[in-house]
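Trainee: To start, I am sharing the structure in question, which I have written as structure tokens.
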Amino acid sequence: MKIAMAASEAAPFVKTGGLGDVMQALPEALSKLPDNEVCLFLPYYGQIKRDNRWDCEFLTSFAIQLAWRQCHVGLFRLKSKKKKLQIYFVDNEQYFDRNPIYGHLDDGERFAYFSKAVLACLNYLDFRPDLIQCNDWQTALIPVVLHGEFRGSFPYTKTVFTIHNIEYQGWANSNFNYDVLGLPPSFNETLRYGDASNFMKAAIVTADAVSTVSETYARELQYPYYSHGMSEVLIQRAGTFYGITNGIDTTVFDPAKSPNLPFHYTAKTMVEEKAKNKEKLQEELGLNKDPSAPLYVIVSRLAGHKGIDLLCYICHTLMSRPVQLAIVGTGEAQYEQALSSLAWQYPGRMVVRLAFDPGLADRMYAGADAYLMPSRSEPCGLSQLIAMHYGTIPVVHATGGLQDTVWPYNPTTGEGRGFTFQSYNGEDFLAAIDRSLGLYYDDRPAWNKLAQNDMAVDVSWQSPAQSYMEMFKKVTGIS
Ligand code: GLC
């Protein structure tokens, strides 16, 4: 199958969150399946352009029309030996030479431009995909522009729109089509949501299929509590709305090989080697070098929906237990301040690093005993998968992808993968942590066994990539 993919970020070029990890691994996994040919489109952000790790060749430049204005499109391709996976960059310095990559007043225009440019580039390349897969609001207009402007060039191309996070939808004012996008006026209604324009809504009603990143989140999104206003449009898509749980790139996240780790390990050597990693990590973070204190960690954006409010609420009680707690991430000022102030009250036992540091994150996964993830909602979540793959036991709120991937530990049978709580409140979160502490202190062999079982779980992209292909086959009718 010929598959084109588009996203606003992909590691290792540029990444602000889980979407970047997915767009690094999924195109690669799909391109390895027989008979597939994959290309991925990304904006040519200034930081990618200036990074001399990436050798790109210039292919062409032309202009596209955005309502009344002409916009420059430069098309570059990453030089690569991978025949079945091509990575293309769309160049326009006015739109993409920005730092940070999101959060500008004209984000709507920037990504509307990108969505149009991707189709124009496919047309130039004469790559007629059987299917275009697009991701989140930044590329949500691709199915819409395909219908409104490019149908003649791509008469048979189908589209799948994947939701990684429903909270960010791409809102714009009601004149957006007239002012910026420039599709025929009949598309005003496709874009309209209330008295504004909404990119995500337009994709949900236009794409041939919609998907999200876990089965439970797909169910949850049909309820107003989770859907941020999208439940009704999603319910109408029920027959063509899929949930496919993400994987992780196990060549990037590999405790046996990662260059970020002082000590490598496999399930066999985990007990001793993790202890060494823990000691090093305690040293790096300025925690007491105490091998007996279970080390709980969080690597996360410090945002409300990640459950940081629950953590702040239980923190003093949690720190009355014999534990250590380390948090790495950046985010909302209220949480950065609250956590920093809490850490200051527990020197040597609790630490907060306000940083986005993938190397340190890797050492946290390797050196910790347990990983906390109390997200209020979680489309899929990758951290719990990385944690399990590193033999670090997850303690999670049973929601979205967390519910699908972290099965509760059953002390009688030894089955399960971690500790979970059902209802979103601090007491239940604490109770789940206490259950994990009980196992850590009372039955260390069972704890180690649980960690080893977690390491054996297949969290790679192999099986999710198959599921994507099954969905793509249904959508295109190609077998
Ligand atoms: C978003 C979601 C996260 C998901 C990731 C990749 O960041 O919040 O749950 O794992 O996208 O799909």
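The values are calculated or read from the model by the stated rules, or taken from the named source; none is laboratory data. In this text the structure is predicted, and so the values were computed from the model without any measurement. Neighbour counts run over all protein chains shown; Cβ positions are idealised from the backbone, glycine included. Side chains are part of the model used for accessible areas, which takes the heavy atoms of the whole protein and leaves out ligands, DNA and RNA. Shrake-Rupley method; radii C 1.70, N 1.55, O 1.52, S 1.80 Å.
Trainee: Can you list residue pairs whose Cβ atoms sit under 7 Å apart, with the first residue in the stretch 50-62 being farther than 17 Å from Asn99 by Cβ and the second being open to solvent by 50 Å² or more (accessible area, probe 1.4 Å) and assigned to a strand (DSSP E or B)? Count only pairs 6 or more apart in sequence or on different chains.
Mentor: Correct list of pairs: Cys56/Arg77; Glu57/Arg77; Leu59/Arg77; Ser61/His72.
Trainee: Restricting attention to the stretch 402-416, does a residue exist that is within 24 Å of the chain's Cα centre (by Cα) and in a strand (DSSP E or B)?
Mentor: yes
Trainee: Please state which one of Asp357, Asp369 is closer than 24 Å to Asn288 by Cα, more than 16 Å from the ligand (Cβ to nearest atom) and surrounded by 21 or more Cβ atoms within 10 Å (Cβ to Cβ).
Mentor: On the way: Asp357 fails: surrounded by 21 or more Cβ atoms within 10 Å (Cβ to Cβ).
Being closer than 24 Å to Asn288 by Cα, more than 16 Å from the ligand (Cβ to nearest atom) and surrounded by 21 or more Cβ atoms within 10 Å (Cβ to Cβ) holds for just one of Asp357, Asp369, which is Asp369.
Trainee: Quick check on the stretch 179-205: of everything there that is not in a helix (DSSP H, G or I) and not small (Gly, Ala, Ser), which residue is most open to solvent (accessible area, probe 1.4 Å)?
Mentor: Within the stretch 179-205, the first condition is being not in a helix (DSSP H, G or I), and the residues that meet it are 182-184, 192-198.
Among the residues that remain, those that are also not small (Gly, Ala, Ser) are: 183-184, 192-193, 195, 198.
Numbers: Leu183: 13, Pro184: 56, Arg192: 110, Tyr193: 68, Asp195: 136, Asn198: 0 Å².
Step by step, filter the stretch 179-205, then rank; the result is Asp195.
Trainee: Moving to a separate point now. Looking at (1) in a helix (DSSP H, G or I); (2) farther than 20 Å from Ser383 by Cα; (3) out of contact with any Phe, Trp or Tyr (no Cβ under 9 Å at 6 or more places or on another chain), can you tell me which one Gly348 breaks?
Mentor: With respect to (1) in a helix (DSSP H, G or I); (2) farther than 20 Å from Ser383 by Cα; (3) out of contact with any Phe, Trp or Tyr (no Cβ under 9 Å at 6 or more places or on another chain), Gly348 is out only on (1).
Trainee: Among the residues of the stretch 180-218, count how many are without any contact (Cβ under 8 Å) to a residue 40 or more places away in the chain and within 16 Å of the ligand (Cβ to nearest atom).
Mentor: Selection size over the stretch 180-218: 1.
Trainee: What are the pairs with Cβ atoms under 6 angstrom where one residue, in the stretch 88-102, is open to solvent by 60 Å² or more (accessible area, probe 1.4 Å) and the other, located anywhere, is at pLDDT 95 or above? Sequence gap at least six, or different chains.
Mentor: Asp97/Gly46
Trainee: Look through Thr317, Thr412, Thr405 and report the one residue that is hydroxyl-bearing (Ser, Thr, Tyr) and free of Cβ contacts under 8 Å to residues at least 24 places away in the same chain.
Mentor: Thr412
Trainee: Here are some residues: Gly152, Gly170. Which one is surrounded by fewer than 22 Cβ atoms within 10 Å (Cβ to Cβ), more than 25 Å from Lys84 (Cβ to Cβ) and not hydrophobic (A, V, I, L, M, F, W, C)?
Mentor: Of the residues listed, the single one that is surrounded by fewer than 22 Cβ atoms within 10 Å (Cβ to Cβ), more than 25 Å from Lys84 (Cβ to Cβ) and not hydrophobic (A, V, I, L, M, F, W, C) is Gly152.
Trainee: When residues of the stretch 225-239 are filtered for being in contact with a strand residue (DSSP E or B) (Cβ under 9 Å, 6 or more places away or on another chain) and either assigned to a strand (DSSP E or B) or open to solvent by less than 50 Å² (accessible area, probe 1.4 Å) (or both), how many remain?
Mentor: Keep residues of the stretch 225-239 that are in contact with a strand residue (DSSP E or B) (Cβ under 9 Å, 6 or more places away or on another chain), which gives 229-230, 233-235, 237.
Cutting the leftovers down to either assigned to a strand (DSSP E or B) or open to solvent by less than 50 Å² (accessible area, probe 1.4 Å) (or both) gives us 229-230, 233-234, 237.
Residues that pass the stated criteria total 5.
Trainee: Among (1) part of a loop (DSSP other than H, G, I, E, B); (2) charged (D, E, K, R); (3) free of Cβ contacts under 8 Å to residues at least 60 places away in the same chain, which single condition is Arg128 missing?
Mentor: With respect to (1) part of a loop (DSSP other than H, G, I, E, B); (2) charged (D, E, K, R); (3) free of Cβ contacts under 8 Å to residues at least 60 places away in the same chain, Arg128 is out only on (3).
Trainee: Taking Leu221, is it crowded, with 19+ Cβ neighbours inside 10 Å and away from the ligand (no atom under 16 Å from the Cβ)?
Mentor: No; evaluated as a whole, the condition is false for this residue.
Trainee: Right, something else. Residues in the stretch 388-402: is at least one surrounded by fewer than 24 Cβ atoms within 10 Å (Cβ to Cβ), closer than 25 Å to Tyr265 by Cα and within 15 Å of the ligand (Cβ to nearest atom)?
Mentor: Taking every residue of the stretch 388-402 in turn, at least one turns out to be surrounded by fewer than 24 Cβ atoms within 10 Å (Cβ to Cβ), closer than 25 Å to Tyr265 by Cα and within 15 Å of the ligand (Cβ to nearest atom).
Trainee: Condition first: under 12 Å from Ile132 (Cα atoms) and assigned to a loop (DSSP other than H, G, I, E, B). Now tell me which residues in the stretch 143-178 satisfy that.
Mentor: The answer is Phe154, Tyr156, Thr157.
Trainee: Please specify each residue of the stretch 436-477 satisfying the condition of being open to solvent by 60 Å² or more (accessible area, probe 1.4 Å) and more than 30 Å from Tyr242 (Cβ to Cβ).
Mentor: Tyr441, Asp442, Asp443, Arg444, Pro445, Lys449 - these are the residues of the stretch 436-477 that are open to solvent by 60 Å² or more (accessible area, probe 1.4 Å) and more than 30 Å from Tyr242 (Cβ to Cβ).
Trainee: Looking at the stretch 308-331 only, could you name the residues that are open to solvent by 10 Å² or more (accessible area, probe 1.4 Å) and of a type outside the set (S, T, N, Q)? Walk me through it before giving the result.
Mentor: Our first condition is that a residue be open to solvent by 10 Å² or more (accessible area, probe 1.4 Å); within the stretch 308-331, this holds for 309-310, 312-313, 316-317, 320-322, 330-331.
The answer is Asp309, Leu310, Cys312, Tyr313, His316, Arg321, Pro322, Gly331.
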